[in-house]
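A short write-up of the structure that comes next.
The values are calculated or read from the model by the stated rules, or taken from the named source; none is laboratory data. These numbers come from a predicted model, not from an experiment. Using ideal geometry, Cβ is built from the backbone for each residue, glycine included, and neighbour counts are taken over all protein chains shown.
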């Protein structure tokens, strides 16, 4: 299968994960109407792939109770990939029924984190991927199945995660039928040299099925790690508007890479993101309206765009 929206060599795809990763990380629940307005603003800014929610039981994550309705609304926008996370076969079934274009399954590279997070071994999660792929093939063959390898760069429970384990598990997930396997810095422990090494190995192992870089800014290295991944050929990057979704173990630090800062970095380098920065920063307004008082981050929105930015000939001008 050919993934939708793969960018050309001189461009990158920014996958906005705020409506899922961001919203499920904060205590407050954003009202559905505000979520829909926020997604409309993200689409208007030019984002072409949006993770709109997570198919998990509402009793566990009340923030995601309206996910089917949010998916239905997102599908009214032509030309974007509507993506949702599903932790298991049951969630994937609901996601496919809702009509998503892509299902993301979290598989932990850390044995300890896998048991704590999904109460399954890593090998059992690979079997879950296989089951989801079978279901997809039977019910919705056009839908992509993506695996995000969480804790790929380190784990708060077990400490370091051997790089050989990450590549071994990525290979198993691809063999199980995943269309893409990306690497996630769940705990914000990655550094650029490590990112370069692991993504180089991942691309050597999986070729075109090597997926997105999902970096966190917990220790201030989010953008540096994204640039390291870009340097070794990664062209899809997860990010969250306003860095929504802080890390509870690093007070005052945002978890996810800030979409606005990531877009600015690439556009300033002459790398096309397809995103209009003025509209992207305007998308902060519906986010703040839906989550009043929630801290959001971003150096670019704070500093503003450089003088002459509009005349620089970038896509965001």
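Determine if the range 45-56 includes at least one residue that is assigned to a loop (DSSP other than H, G, I, E, B), surrounded by 21 or more Cβ atoms within 10 Å (Cβ to Cβ) and out of contact with any helix residue (DSSP H, G or I) (no Cβ under 7 Å at 6 or more places or on another chain).
Yes, there is a match, as at least one residue in the range 45-56 is assigned to a loop (DSSP other than H, G, I, E, B), surrounded by 21 or more Cβ atoms within 10 Å (Cβ to Cβ) and out of contact with any helix residue (DSSP H, G or I) (no Cβ under 7 Å at 6 or more places or on another chain).
Can you give me the number of residues within the range 141-166 that are outside any loop (DSSP other than H, G, I, E, B), more than 25 Å from residue 49 (Cβ to Cβ) and modelled with pLDDT of 95 or more? Spell out how you get there, then give the answer.
First, pick out the residues of the range 141-166 that are outside any loop (DSSP other than H, G, I, E, B): 144-150, 155, 159, 163-166.
Next, from what is left, pick out any that are more than 25 Å from residue 49 (Cβ to Cβ): 155, 159, 163-165.
Keeping just the survivors that are modelled with pLDDT of 95 or more gives 163-165.
Result for the range 141-166: 3.
Of the conditions (1) in contact with a helix residue (DSSP H, G or I) (Cβ under 6 Å, 6 or more places away or on another chain); (2) farther than 19 Å from residue 260 by Cα; (3) surrounded by fewer than 20 Cβ atoms within 10 Å (Cβ to Cβ), residue 63 fails just one. Which one is it?
Result: residue 63 fails condition (3) only.
Which of the numbered conditions does residue 302 fail, given that it passes all the others? Conditions: (1) over 28 Å from residue 106 (Cβ atoms); (2) modelled with pLDDT of 95 or more.
All conditions are met except number (2).
Suppose the filter is in contact (Cβ under 8 Å) with a residue 24 or more places away in the chain, on the phi > 0 side of the Ramachandran plot and either part of a helix (DSSP H, G or I) or under 14 Å from the mean Cα position of the chain (by Cα) (or both); does residue 220 pass it? Working first, answer last.
Working: in contact (Cβ under 8 Å) with a residue 24 or more places away in the chain: yes; on the phi > 0 side of the Ramachandran plot: yes; either part of a helix (DSSP H, G or I) or under 14 Å from the mean Cα position of the chain (by Cα) (or both): no.
Against the criterion (in contact (Cβ under 8 Å) with a residue 24 or more places away in the chain, on the phi > 0 side of the Ramachandran plot and either part of a helix (DSSP H, G or I) or under 14 Å from the mean Cα position of the chain (by Cα) (or both)), residue 220 does not qualify.
Among the residues in the range 172-188, are any surrounded by 24 or more Cβ atoms within 10 Å (Cβ to Cβ), in contact (Cβ under 8 Å) with a residue 12 or more places away in the chain and assigned to a helix (DSSP H, G or I)?
Looking for residues that are surrounded by 24 or more Cβ atoms within 10 Å (Cβ to Cβ), in contact (Cβ under 8 Å) with a residue 12 or more places away in the chain and assigned to a helix (DSSP H, G or I), one finds at least one in the range 172-188, hence yes.
Quick one: count up the residues across the range 137-151 that are surrounded by fewer than 22 Cβ atoms within 10 Å (Cβ to Cβ) and touching a strand residue (DSSP E or B) at 6+ places or on another chain (Cβ under 6 Å).
Selection size over the range 137-151: 1.
Filter the range 106-132 for residues that are surrounded by 16 or more Cβ atoms within 10 Å (Cβ to Cβ) and part of a loop (DSSP other than H, G, I, E, B); which is farthest from the chain's Cα centre (by Cα)?
120
Kindly check whether there is at least one residue in the range 96-114 that is in contact with a strand residue (DSSP E or B) (Cβ under 7 Å, 6 or more places away or on another chain) and free of Cβ contacts under 8 Å to residues at least 24 places away in the same chain.
Scanning the range 96-114, I find at least one residue that is in contact with a strand residue (DSSP E or B) (Cβ under 7 Å, 6 or more places away or on another chain) and free of Cβ contacts under 8 Å to residues at least 24 places away in the same chain, so the answer is yes.
So, of the residues in the range 92-105 that are under 18 Å from residue 127 (Cβ atoms) and surrounded by 21 or more Cβ atoms within 10 Å (Cβ to Cβ), which turns out to be farthest from the chain's Cα centre (by Cα)?
92
Check 147, 129, 118 and return the single one that is within 14 Å of residue 105 (Cβ to Cβ), in contact (Cβ under 8 Å) with a residue 60 or more places away in the chain and touching a helix residue (DSSP H, G or I) at 6+ places or on another chain (Cβ under 8 Å). Working first, answer last.
Working: 129 fails: in contact (Cβ under 8 Å) with a residue 60 or more places away in the chain; 118 fails: in contact (Cβ under 8 Å) with a residue 60 or more places away in the chain.
Going through 147, 129, 118 in turn, just one is within 14 Å of residue 105 (Cβ to Cβ), in contact (Cβ under 8 Å) with a residue 60 or more places away in the chain and touching a helix residue (DSSP H, G or I) at 6+ places or on another chain (Cβ under 8 Å): 147.
Given the conditions (1) loosely packed, with under 15 Cβ neighbours inside 10 Å; (2) in contact with a helix residue (DSSP H, G or I) (Cβ under 8 Å, 6 or more places away or on another chain); (3) more than 20 Å from residue 97 (Cβ to Cβ), which single one is not true for residue 24?
With (1) loosely packed, with under 15 Cβ neighbours inside 10 Å; (2) in contact with a helix residue (DSSP H, G or I) (Cβ under 8 Å, 6 or more places away or on another chain); (3) more than 20 Å from residue 97 (Cβ to Cβ) applied to residue 24, the lone miss is (1).
Is there a residue in the range 11-27 that is modelled with pLDDT under 95, in a loop (DSSP other than H, G, I, E, B) and over 21 Å from residue 180 (Cβ atoms)?
Yes, because at least one residue in the range 11-27 is modelled with pLDDT under 95, in a loop (DSSP other than H, G, I, E, B) and over 21 Å from residue 180 (Cβ atoms).
Residues of the range 156-170 being touching a residue at least 12 places away in the same chain (Cβ under 8 Å) and within 22 Å of residue 231 (Cα to Cα), which ones?
Within the range 156-170, the subset touching a residue at least 12 places away in the same chain (Cβ under 8 Å) is 156-158, 161, 163, 165-167, 169-170.
Residues satisfying the conditions are 163, 166, 167, 170.
Check 206, 202 and return the single one that is surrounded by 24 or more Cβ atoms within 10 Å (Cβ to Cβ), over 15 Å from the mean Cα position of the chain (by Cα) and free of Cβ contacts under 8 Å to residues at least 40 places away in the same chain.
Values: 206 fails: surrounded by 24 or more Cβ atoms within 10 Å (Cβ to Cβ).
Only one candidate passes the filter, namely 202.
From the set of residues in the range 73-87 that are touching a helix residue (DSSP H, G or I) at 6+ places or on another chain (Cβ under 7 Å), outside any strand (DSSP E or B) and at pLDDT 95 or above, which is surrounded by the fewest Cβ atoms within 10 Å (Cβ to Cβ)?
If we filter the range 73-87 for residues that are touching a helix residue (DSSP H, G or I) at 6+ places or on another chain (Cβ under 7 Å), which is where we start, we get 73-74, 77, 80, 82, 84-87.
Narrowing the set further to residues that are outside any strand (DSSP E or B) leaves 73-74, 77, 80, 86-87.
Now restrict to residues that are at pLDDT 95 or above: 73-74, 77, 80, 86.
Numbers: 73: 19, 74: 28, 77: 15, 80: 21, 86: 23.
So, considering only residues that are touching a helix residue (DSSP H, G or I) at 6+ places or on another chain (Cβ under 7 Å), outside any strand (DSSP E or B) and at pLDDT 95 or above, the one surrounded by the fewest Cβ atoms within 10 Å (Cβ to Cβ) is 77.
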